[in-house]
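Student: The structure's right below; bear with me while I get my questions together.
The values are calculated or read from the model by the stated rules, or taken from the named source; none is laboratory data. Predicted model, so just to flag it, every value in this text is computed and none were measured. Counting neighbours? That spans all protein chains shown, and the Cβs are built from the backbone with ideal geometry, glycine included. Side chains are part of the model used for accessible areas, which takes the heavy atoms of the whole protein and leaves out ligands, DNA and RNA. Shrake-Rupley method; radii C 1.70, N 1.55, O 1.52, S 1.80 Å.
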Amino acid sequence: MNLAIRHVRITPIAFRDPPLLNAAGIHEPWALRSVIEIETACGRVGINETYGDQSMLEVLARAAPALQGLSPWDLNVMESRVQTLVQPASNASEFQGEQISLAPGTHVSKNVAKVVNAFEVAMLDLQGQLANAPVVDLLGGAARDTVPFSAYLFFKYAEHIDHPYAADPWGEGIQPEALVVQACRMIEQYGFKSIKLKAGVFPPEQEVAALLALTQAFPDAPLRIDPNANWSVATSLKVIEQLRGVLEYYEDPAPGLDGMAAVAYKLREMGGVPLATNMVVTDYKEFAENVRLGCPVRIVLSDHHYWGGLRTTQQLARLCQTFDMGLSMHSNSHLGISLIAMTHLAASVPHLAYACDTHYPWQDEEVVQGGRLKFENGSLRVPRGPGLGVTIDSEALARLHDNYLHCGIRNRDDLGQMRKYDPTFTGKQPRY
Ligand code: GKR
Ligand code: MG
């Protein structure tokens, strides 16, 4: 069997995404991803899913030759070749575009990590097929058979301003009662046990009211709120005063590690809730800085798509354990290949103690054979088949690629989309 890698296919796709509101603006009607297929000379194919913005597609194309001739087992060689081909340019600007970055998926300095992940997961999928073992076993075996996810609620409009297709079934979600209805619907459909509210959109009083309504409706559900750093330190402290005893963790209230530290030090005096982040501890350098400051952030919301893959996220878990910090998972709009990779990874990390984020309920399309993945009681069962345990539905891939070709979007732009609704919207942070 000739296992040398011969072809790398990178297919950009677009799928319907509802008008979800956040600190940067609003989701566009189409979310972008890319599907990676790595094929060996003997015809085996390993797959993965990652970001689909133009800059990511360019960097993936630049790095693809790194895989030529490698065996699926050559992860370390792949990583060093990718490093050589994709070093971030020293004069590269911090963020691409003017909007605030809600996840470091757009951060130039994450290019190497993002590409290593893109190839690593597909190579692990190949390894699993060859060893006839699920990816979770290649990662040391399952610490749990099912992985819990949380109900990820958003303030939202009923329809996109550009009306590219029929309105989604979730309706408008602005007032606290509507958020409770949204939670009921999501929990009924998926069985989630924890709830996260994406905030930083409306005046904090309105968002606090929504959270209090949720805690009344679901008194046993662990709750989180995430304004994506759109609150000042003073506002963050005022909000937590009103949410005393309500939150499981407080996610990215204030901007920057300094802002988070200022909030954390005050919270400690109040014997308070831990801070979690996917914005200020996003790589090992930032992890070290957090430690130097005495760990103001107590929970890292990891994401293998920009941390550099499944194995490095396992190492991150060890570090978190060493410093007595918690670990969970962040998400962006995604489909089933990403979800299943998250599931294998989360199952392999004994230290993971919180339900992971997922945007999955907000999507209704799929690219894997068999269609939408099924949650049981808010959790996904870790597949026991070889590799990732999912394969590509080639008709669906062609359809989603056709969406990409026709949707007219090439980079995620929540700010630009929001300006269609409100031309004066600045997206300046922190807004409140
Ligand atoms: O999808 O609008 C969104 C989220 O705000 C996303 O971009 C964030 O990266 O979910 C993310 C978070 O937890 O910050
Ligand atoms: Mg977050």
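Student: For a quick check, take a GNM of the chain with Cα springs below 10 Å and name the residue from 167, 151, 347 with the largest mean-square fluctuation.
Tutor: Ranking 167, 151, 347 by mean-square fluctuation puts 167 first.
Student: Here is a further query. Find the relative contact order for the range 137-381 and round it to a whole percent, using C-alpha pairs within less than 8 Å whose residues are 6+ positions apart. Provide the component values of the computation, followed by the final result.
Tutor: Working: 425 pairs, mean separation 56.0, N = 245.
Dividing the mean separation by the residue count of the range 137-381 yields 23 percent.
Student: In whole Hz and in residue order, list the ³J(HN,Hα) couplings for the range 280-286 that follow from phi through the Karplus curve 6.51 cos²θ - 1.76 cosθ + 1.60, θ = phi - 60°; x for Gly and Pro.
Tutor: Calculated HN-Hα couplings, in order: 10, 10, 10, 7, 5, 5, 5 Hz.
Student: How long is the gain from residue 244 to residue 166 if the chain were fully straight, where each residue apart is worth 0.36 nm and the alpha carbon distance is subtracted? Spell out each step's value before the answer.
Tutor: Values: separation 78, 0.36 × 78 = 28.08 nm, distance 4.05 nm.
Extending this stretch completely gives an extra 24.0 nm.
Student: OK, next. Could you give the dipole magnitude of the range 137-381 about its Cα centre, charging the beta-carbon of Lys and Arg +1 and that of Asp and Glu -1, in debye to the nearest 20? Present the calculation step by step, with values, prior to reporting the outcome.
Tutor: Numbers: 19 positive and 28 negative charges, 141 e Å.
The dipole of the range 137-381 has a size of about 680 debye.
Student: Could you state how much accessible area residue 15 has, in square angstrom rounded to the nearest 10, with a 1.4 Å probe and all protein chains kept in place?
Tutor: For residue 15, solvent-accessible area is about 0 Å².
Student: Still on this structure, I have one more. Quick check on my link table: of 238/266; 156/196; 156/198; 114/198; 198/428; 238/285, which ones sit more than 19 Å apart, alpha carbon to alpha carbon?
Tutor: On the way: 238/266 11 Å; 156/196 14 Å; 156/198 10 Å; 114/198 24 Å; 198/428 17 Å; 238/285 31 Å.
Going by Cα-Cα distance, 114/198; 238/285 fall outside the 19 Å limit.
Student: Specify the angular offset, from 0 to 90 degrees and rounded to the nearest 10, of the alpha carbon long axis of helix 75-86 from the longest principal axis of the alpha carbons in the chain.
Tutor: 70
Student: Please name whichever of 140, 108, 343 sits farthest to the positive end of the charge dipole of the chain, dipole taken about the Cα centre and charges placed at Cβ: Lys and Arg +1, Asp and Glu -1.
Tutor: Of the candidates, 140 comes out farthest on the positive side.
Student: Now for a separate question. For the range 139-174 and the range 197-252, what is the separation of their C-alpha centers, rounded to whole Å?
Tutor: 19
Student: So, in Å, what gap is there between the alpha-carbon centers of the range 283-354 and the range 378-397?
Tutor: Answer, in whole Å: 22.
Student: For the range 242-347, what is the relative contact order in percent, using Cα pairs closer than 8 Å and at least 6 residues apart in sequence?
Tutor: On the way: 107 pairs, mean separation 22.8, N = 106.
It comes to 21 percent, rounded to a whole number.
Student: Now for a separate question. From a point 7 Å beyond the Cα of residue 6 in the direction of its Cβ, which residues of the range 34-75 have a backbone N at a distance under 11 Å?
Tutor: Output list for this probe position: 39-44.
Student: Anyone know which of 330, 163, 359 comes out most mobile in the 10 Å Cα GNM of the chain?
Tutor: 163
Student: Taking a ≥ b ≥ c as the square roots of the eigenvalues of the Cα gyration tensor of the range 289-432, is the shape rounded (a/c under 1.5), prolate (a/b larger than b/c) or oblate?
Tutor: Details: a/c = 2.33, a/b = 1.10, b/c = 2.12.
Verdict is oblate for the range 289-432.
Student: Right, another one. Keeping all protein chains in the complex and leaving out DNA, RNA and ligands, what accessible area do you get for residue 238 with a 1.4 Å probe, in Å² to the nearest 10?
Tutor: About 140 Å², rounded to the nearest 10.
Student: Using only Cα atoms, find the angle between the long axis of helix 176-190 and the longest principal axis of the chain, and express it within 0 to 90 degrees, rounded to the nearest 10.
Tutor: 30
Student: So which residue, out of 371, 25, 336, gets the largest mean-square fluctuation from a GNM of the chain using Cα contacts under 10 Å as springs?
Tutor: It is 371.
Student: Once amide H atoms are built 1.01 Å from N in the peptide plane, which residues 5 or more positions from residue 251, or in another chain, come under 5 Å H to H?
Tutor: 225, 276
Student: Under a point spin-label approximation (7 Å from Cα along Cα-to-Cβ), what is the residue 291-residue 406 distance to one decimal in nm?
Tutor: The modelled label-to-label distance comes out at 5.2 nm.
Student: Here's another thing I want to ask about it. So if I restrict to the alpha-carbon atoms in the range 137-381, what is the Rg, and what is Dmax, the biggest pairwise distance, in Å?
Tutor: Considering the range 137-381 through its Cα atoms, Rg and Dmax are 17.8, 52 Å.
Student: If you don't mind, another one. Relative contact order for the chain: what is it in percent, counting Cα pairs under 8 Å that are at least 6 residues apart? Intermediate values should be presented prior to the final figure.
Tutor: Numbers: 900 pairs, mean separation 100.2, N = 432.
Relative CO of the chain lands at 23 percent.
Student: Suppose every K and R has +1 on its Cβ and every D and E has -1 on its Cβ; what is the size of the dipole of the chain about the Cα centre, in Debye to the nearest 20? Spell out each step's value before the answer.
Tutor: On the way: 36 positive and 47 negative charges, 136 e Å.
In debye, rounded to 20, the chain gives about 660.
Student: Return the FRET efficiency for the residue pair residue 324, residue 212: r is the Cβ-Cβ distance, R0 is 35 Å, and the value is rounded to the nearest 0.05. Please report the intermediate quantities before stating the final value.
Tutor: On the way: r = 31 Å, r/R0 = 0.88.
The value I calculate is 0.70.
Student: Here is a follow-up. Roughly what would the spin-label model give for residue 315 and residue 369, points 7 Å off Cα along C-beta, in nm?
Tutor: According to this spin-label approximation, the distance is 3.4 nm.
Student: Quick check: residue separation of residue 146 and residue 265 times 0.36 nm, minus the Cα distance between them. What number comes out in nm? It would help to have the intermediate numbers written out before the result.
Tutor: On the way: separation 119, 0.36 × 119 = 42.84 nm, distance 3.56 nm.
Between residue 146 and residue 265, full extension yields 39.3 nm more.
Student: Just to confirm the number: angle between the C-alpha axis of helix 310-322 and the first principal axis of the chain, 0 to 90 degrees, nearest 10?
Tutor: Approximately 40 degrees, to the nearest ten.
Student: Quick check on the chain: helices-only [θ] at 222 nm, where DSSP H runs of length 4 and up contribute -39,500 (n - 2.57) each and the sum goes over total residues. Nearest 500, please. It would help to have the intermediate numbers written out before the result.
Tutor: Values: 14 runs with 160 residues, N = 432.
Value at 222 nm, helices only: -11500 deg cm²/dmol.
Student: Based on Cβ point charges of +1 for Lys and Arg and -1 for Asp and Glu, what charge dipole magnitude is obtained for the range 94-232 about its Cα centre, in debye rounded to the nearest 20?
Tutor: Values: 9 positive and 16 negative charges, 64 e Å.
The calculation lands at about 300 debye.
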